[in-house]
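Working notes, structure below.
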Amino acid sequence: MRISSDIVGARLKEYTTLATWRQTTNYAASVGDMNPLYFDDLREGGIIAPPMYAVAVSWPVQQNIFEYLETPCPPELFRTMVHYTEYIEFFRPIRPGDRLLVGGEVAAVIPRRAGTQIVFKFQVTDPERIPFHTEYAGALLRGVTCDDGGRGADSLPAPPGGSPSFAAPAWEDDIYIGKEAPYVYDGCSNIVFAIHTSPAFAKSAGLPGIILQGTATMAFAVRQLVNREAGGEATRLEVISGRFTGMVMPDSRIKVRLLGRKAGDRGVHLYFEVVNGLGQRAISQGYARLSI
């Protein structure tokens, strides 16, 4: 299969959904994040969605991306698609009852050694077009060749200064990933893909067994970053990003490591990684920005 970078700029049909308290609280519970901001509906102002709920908002579009592309594209192109990178910039939290409009475009097509990376830019707003967040979701099309040199890589957002080197992690948290974790996340997030819940499907894809969703791994990391570095104030999280570079198996442990932090004009910059039970990086080049 082949793809051309001419698809860059292609618009996506708009998708509309409603955030409900059941969806937002279930998402937080799926990664054991019991921050009162997500659950205590007696608090003044009510509850908010956890930041990583953003990936559940765009999932229905990503799951059926060929149906949402205004430029016709064969469905076969996306059958080997795996999540590769994630970058989200937050402008304000989602609250239960908010109506969400999801629009977007193809932001980049980049040749890679194992295939072609395609990046979708999702802009999530309310009906008055006031933004909630912008997400850049990158996927690797395994075995798909780019016909040209690619396009759009220079327009993608990136952490300031790349990933600096630090002498030693500022802290490290060890988290157990239970056998049930992929199923709980699947059911609570409605991010459904059989590679995470069907051993037979996972084996047919060449994997030793089912694996934890990459966005779940990132949600565990966000839980630790918000609770340890922002005092639980999730609204301080302005950016989260990372690259999915390793598998997390159920019934194993991960380590969330804060590699270092830097204060800057735009806030506090956090650099992190997540390591799986085999000592491999499950999330590389992790970055978060907190408001001051």
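The values are calculated or read from the model by the stated rules, or taken from the named source; none is laboratory data. Worth saying up front: this structure is predicted, and the values here are computed from it rather than measured. We place every Cβ from the backbone using ideal geometry, glycine too, and count neighbours over all the protein chains shown.
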Can you find a residue in the range 40-47 that is β-branched (Val, Ile, Thr) and touching a residue at least 60 places away in the same chain (Cβ under 8 Å)? no
As an exercise: evaluate Val57 against (1) among the hydrophobic types (A, V, I, L, M, F, W, C); (2) out of contact with any Ser or Thr (no Cβ under 8 Å at 6 or more places or on another chain); (3) under 22 Å from Asp186 (Cβ atoms) and give the number of the one condition it does not meet. (2)
Output the number of residues of the range 1-31 satisfying the condition of being touching a residue at least 40 places away in the same chain (Cβ under 8 Å), outside any loop (DSSP other than H, G, I, E, B) and of a type in the set (A, V, I, L, M). 5
Matching residues in the range 250-289 (over 17 Å from the mean Cα position of the chain (by Cα) and surrounded by fewer than 19 Cβ atoms within 10 Å (Cβ to Cβ)) number 18
Among the residues of the range 240-292, how many are polar (S, T, N, Q) and part of a strand (DSSP E or B)? 4
Cβ-Cβ below 8 Å, separation at least six or inter-chain, first residue in the range 205-226 and more than 20 Å from Thr25 (Cα to Cα), second surrounded by fewer than 24 Cβ atoms within 10 Å (Cβ to Cβ) and among the basic types (Lys, Arg): which pairs? Gly209/Lys203
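A quick yes/no check of all residues on (1) crowded, with 16+ Cβ neighbours inside 10 Å; (2) in contact with a Gly (Cβ under 6 Å, 6 or more places away or on another chain); (3) over 18 Å from Gln62 (Cα atoms):
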{"site": "Gly143", "(1), (2), (3)": "no, yes, yes"}
{"site": "Lys179", "(1), (2), (3)": "no, no, yes"}
{"site": "Ser189", "(1), (2), (3)": "yes, no, no"}
{"site": "Val192", "(1), (2), (3)": "no, no, no"}
{"site": "Thr217", "(1), (2), (3)": "yes, no, yes"}
{"site": "Ala221", "(1), (2), (3)": "yes, no, yes"}
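Look through Asp98, Asp126, Asp40 and report the one residue that is in contact with a Lys or Arg (Cβ under 8 Å, 6 or more places away or on another chain), modelled with pLDDT of 95 or more and not assigned by TED's automatic domain parsing to the domain that holds Gly231.
Values: Asp98 fails: in contact with a Lys or Arg (Cβ under 8 Å, 6 or more places away or on another chain); Asp40 fails: in contact with a Lys or Arg (Cβ under 8 Å, 6 or more places away or on another chain).
Going through Asp98, Asp126, Asp40 in turn, just one is in contact with a Lys or Arg (Cβ under 8 Å, 6 or more places away or on another chain), modelled with pLDDT of 95 or more and not assigned by TED's automatic domain parsing to the domain that holds Gly231: Asp126.
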